[in-house]
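Below you'll find the structure, written out as C-alpha cells, and then a few comments.
The values are calculated or read from the model by the stated rules, or taken from the named source; none is laboratory data. Remember, predicted model here, so these are calculated numbers, not experimental data. Neighbour counts are summed over all protein chains in view; Cβ atoms, including those assigned to glycine, are modelled from backbone coordinates with ideal geometry.
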C-alpha cells in the first residue's frame with residue numbers, strides 16, 4: 001500500500017493539490033468575500049474617513065488630524081470615555097464574580113438543578129428593546145417596583161433614571177441581570193475539571209476554600225480569560241440599553257461611547273468625525289485586549305503546562 | 001480506617017448543609033430574576049388607572065386580558081411580526097448555508113493561506129462592530145439599499161465567524177472514512193458536503209439556528225439605522241418608538257402587554273430547544 005501510493009503520489013500530487021486548493025477557495029469564498037466586503041474594506045475606508053470632513057454637506061476631503069484634535073478637545077468625548085470606563089470597570093468584574101458564583105452553585109448535583117440553570121439563562125435569550133423598556137418601568141421613580149420595595153423597608157429610593165448620580169448605577173444593575181451567558185460558559189468549564197482532582201485534594205485534607213483557590217480557580221483561568229476578553233469588548237460597545245432606557249441622559253450622565261458615536265453618525269451625520277470616534281474606540285479595545293493577552297501568562301493556567309510538568 | 005470513615009461522614013454532613021444553603025441562595029436569585037417578568041405581566045393586566053396606585057397592586061384585582069389584544073391591534077404588531085420573521089428566516093437561511101459551506105473548506109481541504117484566512121476570521125470576533133459601522137452604512141447607502149431589508153439579510157450569506165468556527169470544529173470530529181468511500185464512488189466535494197456532511201450536522205445546525213434566531217430577533221441597532229419607513233420596522237424598533245412617545249407612561253399597561261407579547265417567541269424557542277442553547281456555548285472550544 002505504502003509502496004504503490006508512494007509511486008503514484010509525485011505524479012498526481014500536482015494537479016490534485018491544485019484541484020483541491022481550487023475547491024477549498026470555492027468553499028471559503030463566502031468568508032473571504034465577507035472579510036473583504038464587511039471587515040477589511042470598511043476598516044480601511046473608516047480610517048480614511050476619520051481623516052476627512054465628510055458629512056452630509058461636504059464632499060470627501062482630507063483634513064489631516066483635525067477630527068482627532070477636535071475630539072480630544074471635546075468635553076463630551078471625555079465624558080463618554082469616562083462613562084464607558086466606569087461601566088466596564090464595575091460591570092465586568094461584578095458580572096464575572098456573580099457568574100462564577102452562580103456557576104459553582106449550579107454545578108452541584110442536586111435534584112431540579114436543571115430548572116435553576118434554565119431560569120438563570122433565560123434573561124439572555126430575551127435581551128433587547130422589550131426588556132430595556134421593562135427596566136425603564138421598573139426603575140420609574142414614583143411607580144416603579146424597585147422604589148416600592150425599598151419603600152416597604154422604609155428607604156426612599158432615588159428617581160433612578162432621572163438622577164445623574166444614579167442613572168449609570170441603574171444600568172449596571174440591569175447588566176447583572178443578564179449574566180446567564182457568562183455563567184453557562186463558566187459552568188461548562190467547571191464540568192471539564194476532572195472529578196479525581198477534587199477527590200485527591202480532599203484526601204490530602206484540603207478544605208473547600210483551598211480546593212477552590214488552588215484547583216478550581218487555576219483550572220478555570222482560561223475560561224475566565226475568555227469571559228474577560230469578551231466582557232471588555234461587550235462593555236465598551238454597550239448601546240441598546242443606554243439608548244432605550246436613558247437615551248444617554250440625564251444631562252449626558254449615561255453617554256456611553258457607542259451612544260456618542262451614534263449621535264455623530266446618525267443624528268448629526270458627521271461621518272468623518274464619527275469614524276474618528278470609532279477608531280479611537282477600536283484602538284482602546286485592541287490595547288485592552290492586548291494587555292489582557294500579555295498579562296495572561298501570569299494568571300492563566302493551561303492544561304498542557306500541567307502535563308509538561 | 002475508622003478515622004477515614006469519620007472524616008467521610010462529617011464531609012457528607014457538611015455537603016448536605018452546603019447543598020441546602022445552595023438551594024436557598026439559588027431560589028432567592030431565581031425570585032429576583034423572575035420578579036421583573038411578574039411585574040411586567042401584572043402591569044399588562046391592569047386597568048389604566050390601577051397602574052399608578054400607591055402602594056402598587058401586585059396581583060391585579062380585575063385582570064384585563066383584553067389589554068393584549070388591544071396592544072396587538074393598536075401597535076400593529078402583526079405587521080412588525082411579519083417583517084421581523086421575514087428578516088429572521090432569511091438571515092437563518094443565509095447563516096446556515098454559508099457557515100456550513102465555508103467550514104467544510106476550512107475543515108477538510110488544503111490550500112495555501114487557508115489557516116491565515118481562518119485566523120483572520122477568528123480575529124474579527126474581537127473587532128468592535130463600531131469601527132466598520134460608518135463605511136458599511138455609507139456603502140449600503142451608495143448602492144441604494146437604505147430602507148430595504150438587504151443590509152440586514154445579505155451579510156448573513158457571507159459567513160459569521162463564530163458559526164463557521166463552530167461548524168468547522170464539528171466537521172473535524174466526523175470520521176473521514178465516510179467521505180473516502182463516497183470519493184471512490186466518484187462524488188465531488190460539493191456533493192460530499194451536501195449529501196454526507198450536512199445530514200450529519202443536524203444538532204450543530206440547530207444550535208446555529210437558535211442562536212441566529214435570538215440574535216436577529218433581538219437585534220435593535222441594525223434595523224434602527226437601516227430602516228426608515230414605519231411600515232418596514234421590526235418588532236424591536238417599533239417597541240422603542242413607543243418608549244419615546246410622551247403618551248407611553250399614560251398607557252404603561254398596554255406597553256407592558258406589548259413587551260410581554262414581544263418576548264413570547266424567544267421564550268417559546270428557548271423552552272423547546274434548550275439543549276441547543278447549552279450545546280452552543282459548551283462547544284465553544286474553550287476547553288481545548
> Of these, A:94, A:105, A:76, A:81, which one is modelled with pLDDT of 90 or more and facing chain B (nearest Cβ under 7 Å)?
Replying inline: A:105
> residue A:171 is checked against (1) in contact (Cβ under 8 Å) with a residue 40 or more places away in the chain; (2) within 11 Å of another protein chain (Cβ to nearest Cβ); (3) part of a helix (DSSP H, G or I) and fails just one. What number does that condition carry?
Replying inline: (2)
> Do we find that residue A:58 is outside the structural domain of residue A:269 (by TED's automatic domain parsing), more than 32 Å from the chain's Cα centre (by Cα) and modelled with pLDDT of 90 or more in this structure?
Replying inline: no
> Out of all the residues in the stretch A:19-35, which are under 24 Å from the mean Cα position of the chain (by Cα) and more than 7 Å from chain B (Cβ to nearest Cβ)?
Replying inline: none
>> Within the stretch B:118-128, does at least one residue satisfy the condition of being in the same structural domain as residue B:176 (by TED's automatic domain parsing), out of contact with any helix residue (DSSP H, G or I) (no Cβ under 6 Å at 6 or more places or on another chain) and crowded, with 18+ Cβ neighbours inside 10 Å?
In response: no
> So how many residues does the stretch B:65-84 have that are under 29 Å from residue B:147 (Cα atoms) and either surrounded by 16 or more Cβ atoms within 10 Å (Cβ to Cβ) or in contact (Cβ under 8 Å) with a residue 12 or more places away in the chain (or both)?
Replying inline: 12
> Hey, among B:153, B:148, B:84, B:124, which residue is in a loop (DSSP other than H, G, I, E, B) and within 26 Å of residue A:265 (Cβ to Cβ)?
Replying inline: B:148
> Got a number for residues in the stretch A:231-258 being touching a residue at least 12 places away in the same chain (Cβ under 8 Å), farther than 20 Å from residue A:274 by Cβ and part of a helix (DSSP H, G or I)?
Replying inline: 7
> Which residue, of A:188, A:206, is more than 24 Å from residue A:72 (Cα to Cα) and assigned to a loop (DSSP other than H, G, I, E, B)?
Replying inline: A:206
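Okay, residues lined up against (1) away from every other protein chain (no Cβ under 13 Å); (2) touching a strand residue (DSSP E or B) at 6+ places or on another chain (Cβ under 9 Å); (3) in contact (Cβ under 8 Å) with a residue 24 or more places away in the chain:
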{"position": "B:90", "(1), (2), (3)": "yes, no, yes"}
{"position": "B:105", "(1), (2), (3)": "no, no, no"}
{"position": "B:113", "(1), (2), (3)": "no, no, no"}
{"position": "B:124", "(1), (2), (3)": "no, no, yes"}
> Just one of the numbered conditions (1) within 11 Å of another protein chain (Cβ to nearest Cβ); (2) closer than 27 Å to residue A:41 by Cβ; (3) touching a helix residue (DSSP H, G or I) at 6+ places or on another chain (Cβ under 7 Å); (4) touching a residue at least 24 places away in the same chain (Cβ under 8 Å) is not true of residue B:235; which one?
Replying inline: (2)
